[in-house]
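Step one of this worksheet: look at the structure below.
The values are calculated or read from the model by the stated rules, or taken from the named source; none is laboratory data. Just so you know, these numbers come straight off a predicted model, no measurement behind them. Every residue, glycine among them, receives a Cβ derived from its backbone with ideal geometry; neighbour counts consider all protein chains shown.
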Amino acid sequence: MLRAFELRKFAELDLRLRPIAASLLGPPEPGEDDDIVLAESYRALVLRDQSEILHLEFGATDFATIRAADIPRHGRPMTVRVCEWAEVSSVRPSFARLLYRLARHCGPRALELGTCLGVSAAFIAAGLRHVSPAARLVTIDASPLPAAIARQRLEIFAPGIVTVVQGRHEQLIADLTSPKHEPFDLVHIDGDHIEENTLLIHRSLVSGAIRLCTLYYDDIRWSAGMQRFWTEVLRSTRGVLATIDLEWVGLCVVDPTFVGAPLAFAIDPP
């Protein structure tokens, strides 16, 4: 595995690696700290919410490997207190900042699979504001009530930037990556943590890419199944220019013209 200083060197020679190198290793951007404070205020709002809601779970809820066939067709109903769920499921601050920086460097079109309560979307949207007036984030969650909560709050936090869609990721991905839609520049995948579904999504994103795209996978060591998924990504022979292993997060730089084994970097997490 290559290290951080080698990513800097490769990025000096290859323009395709510069956005991700700048996101991971570059200095703070103008206004970055103020943007982070604003996005963290969204998290604080969610953490103050004491209400209980019905959540339909379509993925793994512990660190065991499960199959897609193990999930009931309509999900597993769970009553959750919003603040408690946000505490355990929302992106931690250091990785939230990374999502923000990736949005600033890789935008203007972003996709998120796994809205949850909208915390990570708030950071992505904060970064996209700097890219273009036309910057957009589409974020998708399978569970209706959390998607509705996120939609209501994100319309206030990032009006005109974020669209929240309710639906199953593995069922929507083929349409989202089809030629009828404008391609995405950044994709945040924090879905069901099921090996075969995550691999299906990855293959759809790579095969559907028509320009450079950065993929951000959460929880690549969640289970044996997710570790097998990440190993499969590292073995790519087409379309993946580089991978960056941040222990729990895996990044991929997708280039549809690239043929060969990806450059594989391992960098200390932020």
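Structure notes:
- Residues of segment 10-39 that are in contact with a strand residue (DSSP E or B) (Cβ under 9 Å, 6 or more places away or on another chain) and either farther than 19 Å from Leu186 by Cα or not in a helix (DSSP H, G or I) (or both): Phe10, Asp14.
- Test: Thr79 is within 20 Å of Gln50 (Cα to Cα), in a loop (DSSP other than H, G, I, E, B) and touching an Asp or Glu at 6+ places or on another chain (Cβ under 8 Å): no
- Residue count for segment 20-56, restricted to those that are farther than 30 Å from Lys9 by Cβ and free of Cβ contacts under 8 Å to residues at least 24 places away in the same chain: 4.
Listed here are the residues, each with its yes/no results for (1) buried (at least 19 other Cβ atoms within 10 Å of the Cβ); (2) over 24 Å from Asp141 (Cβ atoms).
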position: His193; (1), (2): yes, no
position: Asn197; (1), (2): yes, no
position: Ile201; (1), (2): yes, no
position: Arg221; (1), (2): no, no
position: Met226; (1), (2): yes, no
position: Phe229; (1), (2): yes, no
position: Leu241; (1), (2): yes, yes
position: Trp248; (1), (2): no, no
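- Residues of segment 158-199 satisfying the condition of being touching a residue at least 24 places away in the same chain (Cβ under 8 Å) and of a type in the set (Gly, Ala, Ser): Ala158, Gly167, Ala174, Ser178, Gly191
- Which listed residue, of Gln152, Gln171, is of a type outside the set (Val, Ile, Thr), at pLDDT below 95 and surrounded by fewer than 19 Cβ atoms within 10 Å (Cβ to Cβ): Gln171
Matching residues to (1) modelled with pLDDT under 95; (2) among the β-branched types (Val, Ile, Thr); (3) under 15 Å from the mean Cα position of the chain (by Cα):
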| position | (1), (2), (3) |
| --- | --- |
| Glu196 | yes, no, no |
| Cys213 | no, no, yes |
| Ile220 | no, yes, yes |
| Ala224 | yes, no, no |
| Arg228 | no, no, no |
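- Evaluating Thr177 against the criteria (1) among the hydroxyl-bearing types (Ser, Thr, Tyr); (2) within 18 Å of the chain's Cα centre (by Cα); (3) modelled with pLDDT of 95 or more leaves one unmet condition, (3).
- Of the residues in segment 35-42, none is at pLDDT 95 or above, among the hydrophobic types (A, V, I, L, M, F, W, C) and under 20 Å from Ser223 (Cα atoms).
- Selected residue (only one of Arg18, Arg48, Arg3 is modelled with pLDDT of 95 or more and over 20 Å from Leu99 (Cα atoms)): Arg48
- Being part of a strand (DSSP E or B) and of a type in the set (Val, Ile, Thr) is a property that Thr163 has.
- Residues within segment 157-179 that are in contact with a Leu (Cβ under 8 Å, 6 or more places away or on another chain) and either outside the structural domain of Ala125 (by TED's automatic domain parsing) or of a type in the set (S, T, N, Q) (or both), tallied: 2
- Qualifying residue in segment 92-108 (condition: at pLDDT below 95 and outside any helix (DSSP H, G or I)): yes
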